[in-house]
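A short write-up of the structure that comes next.
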Amino acid sequence: MYVRDGKDRDEMWLLNHIESMGLDDTAFRSRDYVIAVDEETNNRAGFGRTRTHEADPDVCELTGIGVLEGWRGQGVGAHVIERLIDHAGDDDFDAVFSLTSQPEYLRQFGFEPAPISTLPSRLDERLEQKRSTHEEAVVSLAVNLDSFRMPPVLRERFKSAAEIDPEPVGVAPEELAEEFGIDPDTATYKYDTD
């Protein structure tokens, strides 16, 4: 697995997955994204972006983080976030903000609550917008770049990440007689034709 910068050819793939996951696509530009890719199959596994605001170019927002279902729980999102944090540092930002409905996920990387009174005005507006269009539970978080930390367990999982095939939708697993305490070798059935 590795994480690379997004390219124009990723645009449709990104838009499809952003829509299917119900993520924020405001001011979409594929070049703002990074994408996690499986080296062996070249399958894309996850994505995310940082966004700077024209009205406040000193603000860097982490947004649009998504991991495809078969890749979750393997450190893919963590490495996408790490790459985005590195990009923010390269662009001379000291801190990164995020407006999210899943704050516990980001807290493991060092993100802390950012009270509304401390938010730049542009993010205060975005927070209200996201709460009205996405979820009421959206909160604001921030991390100083020097406080960002990657949990070692997520770094290790990423090294051996592989796509997990999800169960086929609408197909129930086969139920075995043994699961109901029936010995199929000795049981007789009402409509047995043997």
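The values are calculated or read from the model by the stated rules, or taken from the named source; none is laboratory data. As the structure is a computational prediction, the values presented were derived from the model and not from experiment. Reconstructed Cβ throughout: ideal geometry from the backbone, glycine too, with neighbour counts over all protein chains shown.
A compact table of results
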quantity: Segment 54-80, subset in a helix (DSSP H, G or I) and touching an Asp or Glu at 6+ places or on another chain (Cβ under 7 Å), residue surrounded by the fewest Cβ atoms within 10 Å (Cβ to Cβ); calculated: G70
quantity: Pair list, Cβ under 7 Å, 6 or more apart: segment 22-42 residue under 17 Å from G75 (Cβ atoms) and at pLDDT 90 or above, other residue part of a helix (DSSP H, G or I) and of a type in the set (D, E, K, R); calculated: V34/R83; I35/D10
quantity: Checking A45 against (1) among the aliphatic types (A, V, I, L, M); (2) surrounded by fewer than 20 Cβ atoms within 10 Å (Cβ to Cβ); (3) in contact with a helix residue (DSSP H, G or I) (Cβ under 6 Å, 6 or more places away or on another chain), the condition it does not meet; calculated: (2)
quantity: Residues (surrounded by 12 or more Cβ atoms within 10 Å (Cβ to Cβ) and more than 12 Å from S140 (Cβ to Cβ)) located in segment 99-121; calculated: Q102, Y105, R107, Q108, F109, G110
quantity: Exclusive hit being under 14 Å from the mean Cα position of the chain (by Cα), farther than 29 Å from R131 by Cα and part of a strand (DSSP E or B), set V34, V3; calculated: V3
quantity: Single match in R126, R83, R51 (criterion: in a helix (DSSP H, G or I) and either under 20 Å from R4 (Cα atoms) or under 17 Å from the mean Cα position of the chain (by Cα) (or both)); calculated: R83
quantity: Enumeration of residues in segment 157-169 that are assigned to a loop (DSSP other than H, G, I, E, B) and at pLDDT 60 or above; calculated: S160, A161, A162, E163, I164, D165, P166
